[in-house]
1. On a C-alpha basis, how far is the centre of the stretch 125-187 from the centre of the stretch 2-26 in Å? Whole number, if you could?
2. Any idea what angle helix 95-106 forms with the longest principal axis of the chain, computed on alpha-carbon atoms, 0 to 90 degrees, nearest 10?
3. Treating the angle as unsigned and between 0 and 90°, give the value, to the nearest 10°, between the Cα long axis of helix 241-252 and the longest Cα principal axis of the chain.
4. Through the Karplus equation 6.51 cos²θ - 1.76 cosθ + 1.60, θ set to phi - 60°, convert the phi angles of the stretch 27-40 into ³J(HN,Hα) values in whole Hz; use x for Gly and Pro.
5. Treating the angle as unsigned and between 0 and 90°, give the value, to the nearest 10°, between the Cα long axis of helix 11-22 and the longest Cα principal axis of the chain.
6. Within 10 Å of each residue's Cβ, count the other Cβ atoms and sort Ser148, Ser54 from fewest upward.
7. Would you grab the residues whose amide H sits under 5 Å from the one on Asn228? Only those 5+ places off in sequence or on another chain, please, with H modelled 1.01 Å from N.
8. Which far-off residues, 5 or more places away or on another chain, put their amide H under 5 Å from the one on Asn70, with H placed in the peptide plane?
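Values in this text are rule-based calculations from the coordinates and carry no lab data. In this text the structure is predicted, and so the values were computed from the model without any measurement. Every residue, glycine among them, receives a Cβ derived from its backbone with ideal geometry; neighbour counts consider all protein chains shown.
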Amino acid sequence: MKIVVTGGAGFIASNVVDAYAGAGHEVVVVDDLSSGNRKNVDPKCKFYEADVSSPELLKIIEKERPDVINHHAAQIDVRRSVEDPAFDARVNIMGMINACKGAVSVGTKKIIFSSSGGVLYGEVPAAPAGEESPIEPLSPYGVSKLSSEAYVRYFSHEHGLKFTILRYANVYGPRQIGGEAGVVAIFLRAMLRGAKTVIFDDGAQERDFVYVGDVVRANVMSLSAGDNETLNIGTGRAASVNEIHRILSGLTNYRGEKVFGPKRAGELKRSVLACGRAGEKLGWRPEKTLEKGLELTLKWFKNNAG
């Protein structure tokens, strides 16, 4: 089938593109390269440099007429969303509307949308959050993801467009560039240089870290399953920033300086997802343990990161 992948030069989506192309699908990548890297895109895939929030996306979809649209393109920096909510809304919400409008106009069968369980559920102090848990986005970024989900459901109800919404936990792995959610990449780059590592707050904050290869499998499975479902994609295990630092220090034989910085405004203390529904609807479950995923990520960084 023909698949348009927005944001396909970025960390997660470029790995998805590789899997789709490897399975024999015709893949078209759309990315404005604001955070993605052209080098991440398989040269066999057609590439358009374009902003998904502009009318250009509609023209690309009209020209390519895909069977499926996998919509990953987004403004993902929570702090930037707080500083400039209008920009966040333009990229994330208008990008979603354009993808849905384009899909309906050419008869695309399905949209797969990468949402975020890490921001939608707010603080998760006890049991892992399931898909029916209260939605409490605490940032404009979270609000834009929730709004985008609502638009997908609207277009499904009004036009019969099928969808699968995948709510990711904290994804890590090859090609991650760091940034606000990229603590694994940030630590690895510092450790491999022997540089100082900084842990914000006390390091006890916990996240559900899921390996990008497992996330990719969920996107592949969603091509033929999970219609009109919203599914958490994580591990159900909470790991602290201190634990991540400890494991990576052991893997890299890191002996550099570790320092603690101030708590960052708006940062959640704990976020972990229940993922049983993805098993029921997709036949998916995470395969990589945290330790194995970090080993694979380190191997990639040693071979590829400058």
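1. 19
2. 30
3. 80
4. With the stated coefficients, the stretch 27-40 comes to 10, 10, 9, 10, 7, 8, 6, 5, 9, x, 10, 4, 5, 6 Hz.
5. Taking the Cα atoms of the chain, the angle to 11-22 is about 60 degrees.
6. Working: Ser148 26, Ser54 14.
Exposure proxy ranking, most exposed first: Ser54, Ser148.
7. Correct list: Phe163, Thr164.
8. Val4, Val5, Thr6, Ile112
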